[in-house]
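Input: a single structure, listed below in structure tokens.
Nothing in this text is a laboratory measurement; each read-out follows from the coordinates by a stated rule. Everything numeric in this text was worked out from a predicted model, so none of it was measured. In this analysis, Cβ positions are derived from the backbone assuming ideal geometry, glycine residues included, and neighbour counts consider all displayed protein chains.
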Amino acid sequence: MRKRGGWLPPNTNCPPGLEYLMALDHLFVHQKVELLEAFVGFETKNKYSVVNIRGEPVYYVAEESGICARLCLGTHRSCEFQVIDSARREVLRMVRPYRCDSCCCPCCLQELEVYSGDTFLGSVSQDWSFWRPSFSIRNASGDTVLTIKGPWFRCFVEVTYKVKSADGQHTVGVIKKEWSGFGREFFTDADNFGISFPIDLDVKIKAVLLGACLLIDFMYFEHSQQT
């Protein structure tokens, strides 16, 4: 099958609840501020709202994890993310196992799997690198369909992760951590992200890119006292 712009043409088999993604090329992810975490530093379950370019709600994301994992393992904890639509239906489930996140050990790389019900859609896996954040976006067959390359140095205000074709030759989108304002940046770890991707990208891979955004948030921008 011939690639267009460095990615495969979309698969017309759309999992339930993801139909709306077919017409989108941008998503914006806003982490909700947790007052308990802001004032006492206690690591709470993360919650996010996902909106379109007009600010209209698309999905809500809620972390499921144990209190012991949050207290003892911090941002390295194993957890799941339940993604629901405006009708309160679960459309995605994302599973992140525990990893110690050591750049010196290739066997401790981060990963996250994305499911629609019991159907595996794909995964995001950290690639081993000493300096530059790097990830592979894989489909349900385990084939790398996109890659993500982070910056050599992270700017405090905004940080851009480039979404590239599998061969790294084409930039097809970005995951961008945006400035959230002085109060949110300094007193909480609640972050804002923008995600862009080709409008004709397979919706299952769009869902995996959403998972990649959550994984990047946990790995690089959750500045909890527990870590």
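What length, rounded to one decimal in nm, is gained on full extension from Lys32 through to Glu158, with 0.36 nm per residue of separation minus their alpha-carbon distance?
On the way: separation 126, 0.36 × 126 = 45.36 nm, distance 1.84 nm.
The Lys32-Glu158 span can extend by a further 43.5 nm.
Ranked highest first by average number of other Cβ atoms within 10 Å, how do 135-148, 47-60 line up? Write down the numbers at each step before the final one.
Values: 135-148: 19.0, 47-60: 14.9.
In decreasing order of mean packing, 135-148, 47-60 become 135-148, 47-60.
On a straight-distance basis, which lysines could pair with Lys47 in a cross-link, Cα separation under 24 angstrom, same-chain partners fewer than 8 positions away excluded?
Leaving aside lysines fewer than 8 places away in the same chain, those within reach of Lys47 are Lys32, Lys176, Lys177, Lys204, Lys206.
Please compute the modelled spin-label separation between Val51 and Glu178, points set 7 Å along Cα→Cβ, answer in nm with one decimal.
0.8 nm
Starting from the Cα of Tyr98, step 7 Å along the direction of its Cβ; do the same at Glu64; then give the gap between the two resulting points in nm.
1.9 nm
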